[in-house]
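First comes the structure, then the notes that go with it.
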Amino acid sequence: TGVQTCALPIFGGSLMNALKRLDSTGYPLLLARIVVGFVFLSYGLEKASDPLVFLKSIKNYDLLPLEPSWFINSIAVILPFTEIVCGLALLSGIGLRAGGAITSLMLMAFTPAVYLLGSSLVGTTAEFDSLCNVVADCGCGSGAIPICNKLLENCAMLVLSLWATFSHSQKYRGGLGG
């Protein structure tokens with residue numbers, strides 16, 4: 001008699017198929033474009049409106065060299081405009097993949113920096129006895145918020161940015177060709 005085999009679905013294969021089906025709807029791409037686009041556009045405009053405040057925020061992280069001064073000053077001027085351009089690229093669909101890739105890279109740098117900022121404040125006051133109790137202005141443009149919330153927000157935006165970068169959906173792409 002014949003041997004029966006049990007075909008177990010491979011978790012990765014099933015997951016990949018489900019993600020492909022979800023991507024084909026275009027809705028995750030649309031969500032990524034709107035959320036990440038508006039966040040980066042608004043944060044970039046906030047920073048560009050007062051580059052000196054943003055420069056002070058960068059210095060508070062104590063991660064970048066202060067000398068030569070042109071280096072940190074250039075970051076304080078260039079970064080907000082990069083965020084604005086990426087936000088516009090995501091919202092318009094023109095340069096969508098590039099906007100998604102650059103926001104992904106920025107989030108990969110910003111998220112550990114926010115974690116380090118929060119960690120440096122733990123234990124500085126009785127209120128800041130754990131990372132999730134730390135409330136700080138990370139300099140992103142959102143004002144003072146709990147660091148744990150900001151870390152979760154950044155991780156969610158990173159997932160959306162990566163989705164915008166790697167989505168194969170042709171729906172809701174925007175841009176010059178629809």
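Modelling each spin label as a point 7 Å along the Cα-to-Cβ direction, I'd like the LYS59/LEU45 distance in nm, to one decimal.
2.8 nm
Under a 5 Å amide H to amide H cut-off, with H placed in plane at 1.01 Å, what residues pair with ALA136 once short-range neighbours are removed?
HN-HN under 5 Å from ALA136: ILE145, ILE147.
List residues of the range 135-158, by number, whose backbone nitrogen lies under 15 Å from a label position 7 Å along Cα→C-beta of LEU22.
Only 156-158 fall inside the zone, counting backbone N under 15 Å.
Using a Förster distance of 41 angstrom, determine the FRET efficiency expected from the C-beta separation of LEU88 and CYS132, and round it to 0.05.
Values: r = 34 Å, r/R0 = 0.82.
E between LEU88 and CYS132, to the nearest 0.05, is 0.75.
Note the count of lysine pairs whose C-alpha atoms are less than 20 angstrom apart in the chain, limited to pairs 8 or more residues apart or on different chains. Could you put the intermediate results ahead of the total?
Values: LYS20/LYS171; LYS47/LYS56; LYS47/LYS59; LYS47/LYS150; LYS56/LYS150; LYS59/LYS150.
Count of close lysine pairs: 6.
Could you bin all the Cα-Cα distances of the range 37-161 into 5 Å bins starting at 0 and give me the percent of pairs in each, rounded to whole numbers?
In whole percents, the pair-distance histogram is 2, 11, 20, 22, 20, 14, 7, 2, 1, 0.
Carbon-plus-sulfur fraction of the accessible area of the range 68-178, 1.4 Å probe, in percent?
73 percent
In whole Hz, with x marking every Gly and Pro, tabulate ³J(HN,Hα) for the range 53-62 from phi via Karplus 6.51 cos²θ - 1.76 cosθ + 1.60, θ = phi - 60°.
Once θ is set to phi - 60°, the couplings for the range 53-62 become 5, 5, 4, 5, 4, 4, 5, 4, 5, 6 Hz.
Give the residue list of GluC sites (Glu not before Pro) in the range 82-178 that are DSSP loop and have at most 16 other beta-carbon atoms within 10 angstrom. Intermediate values should be presented prior to the final figure.
Working: sites: GLU83, GLU127, GLU153; in loops: GLU127.
Passing sites in the range 82-178 are GLU127.
Given a Förster distance of 30 angstrom, what is the FRET efficiency for SER74 paired with PHE166, based on the Cβ-Cβ distance and rounded to 0.05?
0.50
Would you please give the FRET efficiency between ILE34 and ALA109, computed as 1/(1 + (r/R0)^6) with r the Cβ-Cβ distance and R0 = 22 Å, to the nearest 0.05? Please list the in-between numbers first.
Values: r = 23 Å, r/R0 = 1.05.
In this case the efficiency is close to 0.45.
LEU96: net charge of surrounding residues, Cβ under 12 Å, Lys/Arg +1, Asp/Glu -1, itself excluded?
Once positives and negatives cancel, what remains is +3.
To the nearest 10 degrees, how steeply does helix 69-92 sit against the main Cα axis of the chain, on a 0 to 90 scale?
Result, in degrees: 40.
The values are calculated or read from the model by the stated rules, or taken from the named source; none is laboratory data. Everything numeric here is computed off the predicted structure, so don't read it as measured data. Cβ: placed from backbone, ideal geometry, glycine included. Neighbour counts: every protein chain shown. We work out accessible area using only protein heavy atoms, side chains counted, and drop any ligands, DNA or RNA first. Shrake-Rupley method; radii C 1.70, N 1.55, O 1.52, S 1.80 Å.
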